[in-house]
Amino acid sequence: MTYLPTSEHDELRAVVRELAEERIAPRATEVDQRAEFPWDLKELLARQDLLGTSFEERYGGTGLDEISQVILVEELARADATTSLIPIVQKLGSLPITLAGSDEQKERYFPRLASGEWLIAFGLTEAAAGSDVAANRTRARRDGDAYVLNGSKRFITHGSIANVLTVFALTDPAAGGRKGMSAFIVETDAPGFSSPRLEHKLGIRGSPTAELQFDDVRVPVQNRLGEEGEGFKIAMETLDRSRLGIAAQAVGIAQGALDAAVAYAAERQQFGQPIGEFQGIQFMLADMASQTEAARQLTYAAAARVEALAADLPYWTSAAKLIAGDTAMRVTSDAVQIFGGYGYITEYPVERMMRDAKITQLYEGTQQIQRMVIGRQLLQRAGVGGRVRAKSAARA
Ligand code: COS
């Protein structure tokens, strides 16, 4: 299982870096300050065929390997975390279809998602069901050739701008979230669907985080993903893979902050010399660089496991997300430190990067959830029988 980037990966990185530096980085401050989704940058990515990288060619995508997809996200996030979320969420939202969808469902939705004509969002989290996915309450009641969805979702990235959603709802409430949840494809022009509210956020401010409301939304039976009751498993298998994208985003944010800090340290004069001449600053930069590189290499190793569909890929993607998220937080905070007072004001990008980094420790599973996933895998490897549950097996 090799994970060293090839010359093709290097070429992809160079192309995306140039695009990001010229077209995306100059928009990042404005996108953050106005908290407006960058439709122009979404169009730019679509035109450059960069929204179809996770879709197979037969569905209109470019079918890039996992490491290439990581590099794409990394380079976009180095310039602007909000913009990097566009391909991340396009993949996250469509993974349930990739994993459990029929050919007909893929043919129907993937070409429009791969081209960027349509956006998709992943509708799992609810107000009272964040880490505890099984506590979901949204209902899907069968009614003839359709399901009728009622309930609400919260913290849904791109939920207010998506044309289509993958939504998780209980088809058998008595069986509980783990056995009674099913997954559906829901088009957002369906009567009864609304997105009543957006969150005001610390970071990734250009990316709308929406509340979704379902009032008797009719979803055709042919839009169910897999069988009834498979929703929890589909959600878990999606997150096992999508966490790789968050690791890549975190590595990119860290690299952006590191590059800004190095440039500033070489330029900023104090006590008659560039501050980078001081060993105290050099040591900080050295730690930031080494930690970012370690996070990157772990992320590539995880990407190789996802590519190979290795049985232990959840271990690798959770470990990559854990290490990369914490690295992004530490490195961006240190970058602000190196900038001193200038780091704390919006004239320079590092305060935005620090605010953006925080989300990578929270979404697609908090760092505590990653540790749970990693811990369970370790115990399974050690041959501990049965399941290691979040709480107790008695909790149905
Ligand atoms: N892949 C496939 N199946 C899985 C799975 C996985 N990664 N994880 C669990 N399952 C299966 C289990 O095997 C079990 O099936 P059986 O009863 O048939 O054996 C079932 O799902 C229930 O699993 P478990 O008891 O482990 O579920 P828990 O409720 O204890 O929760 C965690 C598991 C904590 C891992 C899960 O709730 C989780 O990932 N939470 C974080 C969610 C998250 O990332 N939220 C962010 C939302 S998106 S921004």
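Coordinate-derived values only; no laboratory data. This one's a predicted model, so the numbers in the text were calculated from it and none came from an experiment. Here the Cβ positions follow ideal geometry from the backbone for every residue, glycine too, while neighbour counts run over all protein chains shown.
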- Any chance the stretch 70-92 includes a residue that's out of contact with any Asp or Glu (no Cβ under 6 Å at 6 or more places or on another chain), among the hydroxyl-bearing types (S, T, Y) and not in a helix (DSSP H, G or I)? no
- Task: Return a yes/no flag: does the stretch 308-328 have any residue that is out of contact with any helix residue (DSSP H, G or I) (no Cβ under 7 Å at 6 or more places or on another chain) and charged (D, E, K, R).
- Result: no
- Task: Could you pull out the residue among T317, T327, T366, T360 that is under 17 Å from the mean Cα position of the chain (by Cα), farther than 30 Å from E56 by Cβ and within 16 Å of the ligand (Cβ to nearest atom)?
- Result: T366
- Among the residues of the stretch 302-355, count how many are of a type in the set (A, V, I, L, M, F, W, C), part of a loop (DSSP other than H, G, I, E, B) and in contact (Cβ under 8 Å) with a residue 12 or more places away in the chain. 2
- What single numbered condition from (1) farther than 29 Å from I24 by Cα; (2) touching a Ser or Thr at 6+ places or on another chain (Cβ under 7 Å); (3) away from the ligand (no atom under 16 Å from the Cβ) fails to hold for E187? (2)
- Exactly one of A210, A134, A121 is touching a His at 6+ places or on another chain (Cβ under 9 Å) and within 11 Å of the ligand (Cβ to nearest atom), and that residue is A121
- If you check A260, A250, which single one turns out to be in contact (Cβ under 8 Å) with a residue 40 or more places away in the chain, more than 30 Å from V133 (Cβ to Cβ) and buried (at least 20 other Cβ atoms within 10 Å of the Cβ)? A260
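I'd like to know if the stretch 225-235 contains one or more residues that are within 12 Å of the ligand (Cβ to nearest atom) and either under 17 Å from the mean Cα position of the chain (by Cα) or within 29 Å of F37 (Cα to Cα) (or both).
The first filter runs over the stretch 225-235 and keeps only residues within 12 Å of the ligand (Cβ to nearest atom), leaving 229-235.
If we keep only those that are either under 17 Å from the mean Cα position of the chain (by Cα) or within 29 Å of F37 (Cα to Cα) (or both) too, we end up with 234-235.
Yes, there is a match, as at least one residue in the stretch 225-235 is within 12 Å of the ligand (Cβ to nearest atom) and either under 17 Å from the mean Cα position of the chain (by Cα) or within 29 Å of F37 (Cα to Cα) (or both).
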- Note on the structure: Among G60, G52, the single one that is in contact with a helix residue (DSSP H, G or I) (Cβ under 8 Å, 6 or more places away or on another chain) and surrounded by fewer than 21 Cβ atoms within 10 Å (Cβ to Cβ) is G60
- Task: Could you list all residues from the stretch 137-150 that are within 16 Å of the ligand (Cβ to nearest atom) and buried (at least 18 other Cβ atoms within 10 Å of the Cβ)?
- Result: T138
- Between a first residue in the stretch 200-227 that is in a helix (DSSP H, G or I) and a second residue that is of a type in the set (D, E, K, R), which pairs have beta carbons less than 9 Å apart while being 6 or more apart in sequence or on different chains? V221/R142; V221/D145; Q222/E104; Q222/D145; N223/E187
